1. Restricting attention to the range 54-95, report how many residues are in contact (Cβ under 8 Å) with a residue 24 or more places away in the chain and closer than 18 Å to residue 8 by Cβ.
2. Within the range 32-39, is even one residue free of Cβ contacts under 8 Å to residues at least 60 places away in the same chain and under 20 Å from residue 108 (Cβ atoms)?
3. When you scan the range 84-107, do you find a residue that is among the polar types (S, T, N, Q), out of contact with any His (no Cβ under 8 Å at 6 or more places or on another chain) and either at pLDDT 95 or above or crowded, with 18+ Cβ neighbours inside 10 Å (or both), even just one?
4. Exactly one of these conditions fails for residue 43: (1) free of Cβ contacts under 8 Å to residues at least 24 places away in the same chain; (2) closer than 20 Å to residue 113 by Cα; (3) of a type outside the set (Gly, Ala, Ser). Give me its number.
5. Just to be sure, is residue 85 part of a helix (DSSP H, G or I), farther than 16 Å from residue 50 by Cβ and touching a Ser or Thr at 6+ places or on another chain (Cβ under 8 Å)?
Amino acid sequence: MDPERFDELVDRALDGIPEELAALVHNVVVLVEDEPPAHEPADLLGLYDGVALTARDGTMGVELPDRIFIFRGPLLDMCADEAELVEEVRITVVHEVAHHFGIDDERLHQLGYA
């Protein structure tokens, strides 16, 4: 799958987040990278880099945007077809956005997003 088509899948997954939740996401950028950083597992599908809303306090000043990374290579490697890829991209995007709201991996696993 070419990078532009993959980006469309990520955009579609972001568009699928309910409006009432999407309205609460501020100062977050979503980036698609080919592979995870060298210090991360090679099969990592996504990564949230930021301070969860539940961990913020009033002392934080102007901050750089939180970042959500979606890793194209591992997602392509794990999926047998486009339908499976669409679902895994959706799950990964929701998983990383949930980290922005302070939801940890254990709870995401209970909810089916880990």
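1. Of the residues in that region, 17 qualify.
2. Let us first name the residues in the range 32-39 that are free of Cβ contacts under 8 Å to residues at least 60 places away in the same chain, namely 32-39.
If we keep only those that are under 20 Å from residue 108 (Cβ atoms) too, we end up with 36.
There is at least one residue in the range 32-39 that is free of Cβ contacts under 8 Å to residues at least 60 places away in the same chain and under 20 Å from residue 108 (Cβ atoms).
3. At the first step, the residues of the range 84-107 found to be among the polar types (S, T, N, Q) are 92.
If we keep only those that are out of contact with any His (no Cβ under 8 Å at 6 or more places or on another chain) as well, we get 92.
Adding the requirement that they be either at pLDDT 95 or above or crowded, with 18+ Cβ neighbours inside 10 Å (or both) leaves 92.
Yes; the residues of the range 84-107 include at least one that is among the polar types (S, T, N, Q), out of contact with any His (no Cβ under 8 Å at 6 or more places or on another chain) and either at pLDDT 95 or above or crowded, with 18+ Cβ neighbours inside 10 Å (or both).
4. Against the list (1) free of Cβ contacts under 8 Å to residues at least 24 places away in the same chain; (2) closer than 20 Å to residue 113 by Cα; (3) of a type outside the set (Gly, Ala, Ser), residue 43 comes up short only on (1).
5. no
Per-residue answers, yes or no, for (1) over 20 Å from residue 103 (Cβ atoms); (2) not small (Gly, Ala, Ser):
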| site | (1), (2) |
| --- | --- |
| 7 | yes, yes |
| 29 | no, yes |
| 44 | no, yes |
| 50 | no, no |
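The values are calculated or read from the model by the stated rules, or taken from the named source; none is laboratory data. What you are looking at is a predicted structure, and each value in this text was computed from that prediction instead of being measured. Cβ sites come from the backbone with ideal geometry, for glycine too, and all protein chains shown count toward neighbours.
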